[in-house]
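To keep things clear, I will list the structure first and then write my remarks on it.
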Amino acid sequence: MQIEPQSFDRVLSSMCTEPHPVARDAAERFLATNPGDPGTYPNVTALEDEAIGVLGEIAGLEDPSGYIASGGTEANIQAVRIARNRAETRTPNVVMPESAHFSFQKAADVLGVDLRIVPTDDSYRADLEAVRSCLDDDTAMVVGVAGTTEYGRVDPIPELGELARSVDAMLHVDAAWGGFVLPFTDHEWQFDHAPVDTMAIDPHKMGQAAVPAGGLLVRSDDLLDELAVDTPYLESTSQATLTGTRSGAGVASAVAAMAELWPDGYRRQYVRSQHNAEWLADALEKRGYDVVDPTLPLVAADVPRSTFNGLRAKGWRISRTGTGELRVVCMPHVTREMLASFIGDLDRLEVRASVPVASDD
Ligand SMILES: Cc1ncc(COP(=O)(O)O)c(C=O)c1O
């Protein structure tokens, strides 16, 4: 029997989504291309330049460099690699808030850098004093997150930039998830707002491209040069990516999605997703749950474990934060109808849980 992919009907905690139809089509057309070998596959290489150009526009960078990576993990690892290679120390460290994605743990492990993890404040954002107290002459990079995975928070990026500069460290912004919604908000998060050196910004999340389409942006070419190795058997002379052969499907679908949606389609999607998140937060609050306010389209709420398990048993694809809250990511495929049906199931489970167990006497 042929196994089919899951439908998105009950997917509420994924950071990925159904690709836009034009992105799906482009991915299929470019499936058999490899931007890792530009001498053989020049068309997809030209598309990758286009993709970086639009990502630069989205992130406030006039003359962008970068590449389409396999995802936010690769972009984060590569950013740490740039910082490590530039640092004038043999014992570099990277300072980041505890809200940063676990991909930085992989980066630190692979690259042999010391990861200094600092607490967040009451609003789930990087605690600036805690960051300051961890900085020293060996700090190669400070990480700020623009759209955290668990609570959708945006760290104080300009202030983190100042702190990074005070010790000659680089500033990396992880906007892997937030990058396609933040342009429509008042948050300060991008290259124009702060001395950002590198950024992760993923078309395959809120950008509605097919997986794999992550984005690494760097402020100037010389940063990318830190990653380049010679490529003797290829017609191109060097390669800055972490992977060698890589899918042109992600590149082509990113270009197609962005051509279709940037900026108006993404703006409409942000408004829809944000309204959905606020509607859900309100519905959960009315039922007495503690809810973390959705500053971006992501809702976290303290739902009992038994209820969470009951919802999973009903087929809802949901996950929890590190401290156990239900988290719902209002991605483009998440509709108001889905959320209403989810709340309906939650109500039925809670009613059942509150009915007293009949005693024998
Ligand atoms: C903020 C953030 N950064 C990085 C990543 C890692 O991205 P990927 O899974 O595409 O490698 C994620 C994944 O959800 C994320 O939310």
- Task: Using the structure shown, decide if Ile117 is at pLDDT 95 or above and touching a Gly at 6+ places or on another chain (Cβ under 7 Å).
- Result: no
- Filter the stretch 112-148 for residues that are over 19 Å from Val196 (Cβ atoms), among the β-branched types (Val, Ile, Thr) and within 16 Å of the ligand (Cβ to nearest atom) and give the result. Ile117, Thr120
- Item | Matching residues in the stretch 218-233 - criterion: being open to solvent by 10 Å² or more (accessible area, probe 1.4 Å) and part of a loop (DSSP other than H, G, I, E, B) | Arg219, Ser220, Glu226, Ala228, Thr231, Pro232, Tyr233
- Message: Name the single residue that is nearest to Thr149 (Cα to Cα) among those in the stretch 109-124 being in contact with a helix residue (DSSP H, G or I) (Cβ under 7 Å, 6 or more places away or on another chain) and open to solvent by less than 50 Å² (accessible area, probe 1.4 Å).
- Response: Val118
- Kindly indicate which of Val173, Val196 is under 14 Å from Ala83 (Cα atoms), surrounded by 24 or more Cβ atoms within 10 Å (Cβ to Cβ) and either within 11 Å of the ligand (Cβ to nearest atom) or among the charged types (D, E, K, R) (or both). Val173
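Yes/no matrix, rows are residues, columns are (1) in a loop (DSSP other than H, G, I, E, B); (2) open to solvent by less than 10 Å² (accessible area, probe 1.4 Å); (3) touching a residue at least 40 places away in the same chain (Cβ under 8 Å):
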residue: Glu162; (1), (2), (3): no, no, no
residue: Arg165; (1), (2), (3): no, no, no
residue: Asp168; (1), (2), (3): yes, no, no
residue: Asp186; (1), (2), (3): yes, no, no
residue: Asp192; (1), (2), (3): yes, no, yes
residue: Lys205; (1), (2), (3): yes, no, yes
residue: Val211; (1), (2), (3): yes, no, yes
residue: Leu216; (1), (2), (3): no, yes, yes
- Query: Do you know which of the residues in the stretch 199-221 that are closer than 16 Å to Val143 by Cβ and among the aliphatic types (A, V, I, L, M) is nearest to the ligand (Cβ to nearest atom)?
  - Reply: Ala200
- Given (1) out of contact with any Asp or Glu (no Cβ under 8 Å at 6 or more places or on another chain); (2) farther than 22 Å from Glu260 by Cα; (3) open to solvent by 50 Å² or more (accessible area, probe 1.4 Å), index of the condition Thr40 fails: (1)
- Note on the structure: Those residues of the stretch 125-160 which are among the acidic types (Asp, Glu) and open to solvent by 20 Å² or more (accessible area, probe 1.4 Å) amount to Asp127, Glu129, Asp136, Asp137, Asp138, Glu150, Glu159
- Out of Ser65, Ser14, Ser99, Ser70, report the one residue that is more than 14 Å from the ligand (Cβ to nearest atom) and either in contact with a Lys or Arg (Cβ under 6 Å, 6 or more places away or on another chain) or under 26 Å from Val145 (Cα atoms) (or both). Ser65
- Has the stretch 42-49 got at least one residue that is under 17 Å from Leu227 (Cβ atoms), within 16 Å of the ligand (Cβ to nearest atom) and at pLDDT 95 or above? no
- Cβ pairs under 6 Å, 6+ apart, first in the stretch 1-30 and farther than 30 Å from Ala300 by Cα and in contact (Cβ under 8 Å) with a residue 12 or more places away in the chain, second open to solvent by 40 Å² or more (accessible area, probe 1.4 Å) and away from the ligand (no atom under 16 Å from the Cβ): Val22/Glu260
- Residue that is among the aliphatic types (A, V, I, L, M) and touching a strand residue (DSSP E or B) at 6+ places or on another chain (Cβ under 9 Å), where the choices are Ala69, Ala23: Ala69
- Query: Only one of these conditions is not met by Val303: (1) without any contact (Cβ under 8 Å) to a residue 24 or more places away in the chain; (2) among the hydrophobic types (A, V, I, L, M, F, W, C); (3) more than 30 Å from Gln78 (Cα to Cα). Which number is it?
  - Reply: (1)
- Note on the structure: Of the candidates Val351, Val303, the one satisfying the condition of being open to solvent by 80 Å² or more (accessible area, probe 1.4 Å) and among the aliphatic types (A, V, I, L, M) is Val351
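The values are calculated or read from the model by the stated rules, or taken from the named source; none is laboratory data. In this text the structure is predicted, and so the values were computed from the model without any measurement. Positions of Cβ are generated from backbone atoms using ideal geometry, with glycine treated the same way; all protein chains shown enter the neighbour counts. Side chains are part of the model used for accessible areas, which takes the heavy atoms of the whole protein and leaves out ligands, DNA and RNA. Shrake-Rupley method; radii C 1.70, N 1.55, O 1.52, S 1.80 Å.
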